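Take a look at the structure below.
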Amino acid sequence: MIRYLFTKMLLAFKNRYDYDIRYQQDILKTDLGAFLKFMGFQTMSSHSGHVPAGPLYAARIRAILSDDCGPCTQLAVNMALEAKISPETVQAMIDKDLNNLPEEIALVVNFTECVLAHHPEADDYREKILALWGPKGLITIGFAISAYRVYPALKYTLGYGKTCHRIQINASSITPEQGADLTGERKHAE
């Protein structure tokens, strides 16, 4: 019975976001205990504390871009749009276009990039985040950065991370570039 209820929940999520849930279905089918732990992890990844949606999704999107080439990023984009973040702001988050982001969102974009690169400049950004949202806000952003990297890793581990596609932001379609350095310049593959 519990598997049936979880299956219904997964199908509702799939229909709401047009997202491939096969990896989650495989976990549920194979190991109910592991699926229950995965659901517990979902509470961490959805934690929003009292951080505004814009900065929160900046951390989530920048973190997921470091490990994903499409579907997970699309899901984060869809959720950001659902949270009423403007398409232009979401586009600027993806492009790391700091000039077209509000100051608080640009701060979190820079912080996330520094955290992912283990760059010491993260310390300066951390202090600014603490001044804005306190320790609870820092934990919230830490959860966002950490948790959103898990999904692509899990999908690739289970064999579902092979799909790349362009990201849709309302009527626009973009291909996010991976491998930006801390200045925002792109590294080009040879």
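Taken together, the values in this text are just the output of simple stated rules run on the coordinates, not laboratory data. In this text, all values refer to a predicted model and were calculated from it rather than measured experimentally. Don't worry about glycine lacking a Cβ; one is built from the backbone with ideal geometry, like all the others, and counts go over all protein chains shown.
So the values come out like this:
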{"quantity": "Gaussian network model of the chain, Cα within-10 Å springs - most flexible of Phe13, Phe143, Phe111", "calculated": "Phe13"}
{"quantity": "Relative intensity, log₁₀ I(q)/I(0), of region 48-174 from a Debye sum that treats every alpha carbon as a point, q = 0.21 Å⁻¹", "calculated": "-1.22"}
{"quantity": "Cα gyration tensor, region 1-45 - rounded (a/c under 1.5), prolate or oblate", "calculated": "oblate"}
{"quantity": "Proximal charge balance of Gln25 [Cβ under 14 Å; K/R count +1, D/E count -1]", "calculated": "+3"}
{"quantity": "The chain: angle of helix 32-45 to the longest principal axis, Cα-based, in degrees nearest 10", "calculated": "20"}
{"quantity": "GNM result for the chain, Cα springs below 10 Å: residue of Pro87, Pro120, Pro71 fluctuating most strongly", "calculated": "Pro120"}
{"quantity": "Net charge of neighbours whose Cβ lies under 14 Å from the Cβ of Leu132, counting Lys and Arg as +1 and Asp and Glu as -1", "calculated": "-1"}
{"quantity": "Folded to 0 to 90 degrees: helix 2-17 orientation relative to the chain principal axis, Cα", "calculated": "40"}
{"quantity": "0 to 90° range, to nearest 10: angle between helix 53-65 axis and the chain longest Cα axis", "calculated": "70"}
{"quantity": "Relative contact order of the chain, defined on C-alpha pairs under 8 angstrom at six or more residues apart (%)", "calculated": "27"}
{"quantity": "Dipole of region 48-174, positive direction: furthest Cα of Leu98, Gly70, His50, with charges on the beta-carbon", "calculated": "Gly70"}
{"quantity": "Global geometry of region 1-83, whether rounded, prolate or oblate, following the gyration tensor of its Cα atoms and the 1.5 cut on a/c", "calculated": "prolate"}
{"quantity": "Cβ-placed point charges (K, R +1; D, E -1), dipole of region 1-45 about Cα centre in debye, nearest 20", "calculated": "120"}
{"quantity": "Candidates Ile129, Ile174, Ile105: whichever shows maximal mean-square fluctuation once the chain is modelled as a Gaussian network with Cα springs under 10 Å", "calculated": "Ile174"}
{"quantity": "Region 39-103 shape via C-alpha gyration tensor axes, a/c threshold 1.5", "calculated": "oblate"}
